[in-house]
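Asker: I am attaching a structure below and will ask some questions about it afterwards.
The values are calculated or read from the model by the stated rules, or taken from the named source; none is laboratory data. Keep in mind the model is a prediction, meaning the values are calculated, not measured. Positions of Cβ are backbone-derived with ideal geometry, glycine not excepted, and every protein chain shown enters the neighbour counts. Heads up: the accessible areas ignore ligands, DNA and RNA and are worked out on the full protein's heavy atoms, side chains in. Shrake-Rupley method; radii C 1.70, N 1.55, O 1.52, S 1.80 Å.
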Amino acid sequence: MNHAGVYLHIPFCRSHCSYCDFATGMYEGELADRYVNSLIREITRWNEVDSPAAVDTIYFGGGTPSLLKPAQIERILRAVRDRFQLVDGAEVTLELNPGDGGTSAAARQETMREFRRLGIDRASFGAQTFDDRELKQLGRTHSAADIPATLEQLRTAGFRNISFDLIAGLPGQTLSGWQRNLDEALKLRPEHLSLYLLDVHEGTPLADQIRSGMRPQPDDDLAGEMYQLMLAEVSAAGYQHYEISNFCLPGFESRHNTKYWAGVPYYGFGCSAHSYDGARRRWANERDTAKYVELIEQETSPVVERTELNDEEARSESIFLGLRLMRGLDLEDYRSRFGADLRAEYSSELVRLSDAGLIEIDEDLMRLTKRGALLSNEVFATLA
């Protein structure tokens, strides 16, 4: 049975990272209080789906959700449990930043214990790099030393499912520097690793810095070498490559994020949150934090965008989302959902992609090769 996921967007940060284009803003206590109240009211009043699926994942994303007080997180969780049927053994994830959560190590430790006591069983934090110079350039507030310290605090608090992110291809980053990042990450042995190639978004400070010459242009060839090194090192350490940018020890896939790629329903709450009914309907909330709060306080729906996918859009989404999972796209499932044979639809394109070493087809499964994972955008563009 395909259970749904609940996503809760908490937009507050201590600082704005130079590469980030998410809906975030600086933490302000009064606005945070109003925002939490609005988020709870949105959950309580929610009626977008007549018979919502039972929920087996809850994900606090942001922003930095751990900036909220444990009592605020508890109120939000209570609202979710009151509104949705939460199955036993649900995965509950909280994003945090290294060093956040209190003014001292003892205060941070106690905060993490409180989060764990609330039933949060998975923690995900943005390490990004173990190089202090690169962290400063990115606008991060933590140091490299905060990364192992945070992981140890989470372990002490009782977390047995921890993930952190690293970014490859940063301006000026070398292959040896990336090797050091991988070495440090694998020594810590988190259950899950998200390893991303840098994506420079227009309108971010980093994009402006690159355009003005303050930072060097990203080197695509070097990024490709970093990706290949990443695959080799992480796989040799016993991690499973289950999605283009995600790796885990056996049994520790992100159950929530996998819903996005598998076409399973997910219901988003908070500013900029997106939702999907698992069939054809998508909707998204107001992006601006203050406007979102005003809409809720005026008892107006925060939804500002609705999309009903047509057949072509639904089929295209099914292909590129399904191929993000390294297990591949089930061609028989595609046929049963859309009444079409993908191999017949794209026969010449599939031959070309296969000859280029980007995909492989094994009976009723089509998957990306390692080379195809690196060049996945080319595959998706061909099959769009």
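Asker: Are any of the residues in the range 36-44 open to solvent by less than 60 Å² (accessible area, probe 1.4 Å), of a type outside the set (A, V, I, L, M, F, W, C) and at pLDDT 95 or above?
Answerer: yes
Asker: Oh, and also: Residues in the range 334-355: is at least one closer than 22 Å to G278 by Cβ, part of a loop (DSSP other than H, G, I, E, B) and open to solvent by less than 40 Å² (accessible area, probe 1.4 Å)?
Answerer: Yes, some residue in the range 334-355 is closer than 22 Å to G278 by Cβ, part of a loop (DSSP other than H, G, I, E, B) and open to solvent by less than 40 Å² (accessible area, probe 1.4 Å).
Asker: What do you reckon, is S376 within 28 Å of Y227 (Cα to Cα) and touching a Phe, Trp or Tyr at 6+ places or on another chain (Cβ under 9 Å)?
Answerer: Answer is yes for this residue.
Asker: Could you tell me which numbered condition E184 fails, if it satisfies all but one of (1) assigned to a helix (DSSP H, G or I); (2) modelled with pLDDT under 95; (3) buried (at least 17 other Cβ atoms within 10 Å of the Cβ)?
Answerer: Result: E184 passes all but (2).
Asker: Does the range 123-130 contain at least one residue that is hydrophobic (A, V, I, L, M, F, W, C) and touching a residue at least 60 places away in the same chain (Cβ under 8 Å)?
Answerer: No, every residue in the range 123-130 fails to be hydrophobic (A, V, I, L, M, F, W, C) and touching a residue at least 60 places away in the same chain (Cβ under 8 Å).
Asker: Testing H241 on (1) open to solvent by 10 Å² or more (accessible area, probe 1.4 Å); (2) at pLDDT below 95; (3) closer than 14 Å to L374 by Cβ, one condition comes back false. Which one is that?
Answerer: All conditions are met except number (2).
Asker: Please work out which one of (1) surrounded by 14 or more Cβ atoms within 10 Å (Cβ to Cβ); (2) at pLDDT 95 or above is the condition A71 fails and give its number.
Answerer: (1)
Asker: Within the range 57-87, count every residue that is assigned to a strand (DSSP E or B), of a type outside the set (F, W, Y) and within 22 Å of S272 (Cα to Cα).
Answerer: Final tally of qualifying residues: 4.
Asker: Consider V80 against the criteria (1) touching a residue at least 24 places away in the same chain (Cβ under 8 Å); (2) open to solvent by less than 10 Å² (accessible area, probe 1.4 Å); (3) in contact with a Ser or Thr (Cβ under 7 Å, 6 or more places away or on another chain): it satisfies all of them except one. Which criterion is unmet?
Answerer: With (1) touching a residue at least 24 places away in the same chain (Cβ under 8 Å); (2) open to solvent by less than 10 Å² (accessible area, probe 1.4 Å); (3) in contact with a Ser or Thr (Cβ under 7 Å, 6 or more places away or on another chain) applied to V80, the lone miss is (3).
Asker: Let me ask another. Within the range 271-286, can you find the residues that are open to solvent by less than 10 Å² (accessible area, probe 1.4 Å), small (G, A, S) and touching a residue at least 40 places away in the same chain (Cβ under 8 Å)?
Answerer: Those that are open to solvent by less than 10 Å² (accessible area, probe 1.4 Å), small (G, A, S) and touching a residue at least 40 places away in the same chain (Cβ under 8 Å): A273, S275.
Asker: Moving to a separate point now. Quick check on this structure: which one of I120, I147 is under 15 Å from L96 (Cα atoms), among the β-branched types (V, I, T) and assigned to a helix (DSSP H, G or I)?
Answerer: None of the other options fit; the residue is I147.
Asker: Go through the range 296-316 and report how many residues are touching a residue at least 60 places away in the same chain (Cβ under 8 Å) and open to solvent by less than 60 Å² (accessible area, probe 1.4 Å).
Answerer: 4
Asker: Applying the selection to the range 154-169, what residues are among the aliphatic types (A, V, I, L, M) and open to solvent by less than 10 Å² (accessible area, probe 1.4 Å)?
Answerer: Of everything in the range 154-169, those that are among the aliphatic types (A, V, I, L, M) and open to solvent by less than 10 Å² (accessible area, probe 1.4 Å) turn out to be L154, I162, L166, A168.
Asker: Would you say A290 is farther than 22 Å from F60 by Cβ and of a type in the set (A, V, I, L, M)?
Answerer: When the stated conditions are applied, A290 does not pass them.
Asker: If a residue has to be within 21 Å of the chain's Cα centre (by Cα) and either closer than 14 Å to D121 by Cα or acidic (D, E) (or both) to count, how many in the range 67-88 make the cut?
Answerer: The number of residues fulfilling the criteria is 2.
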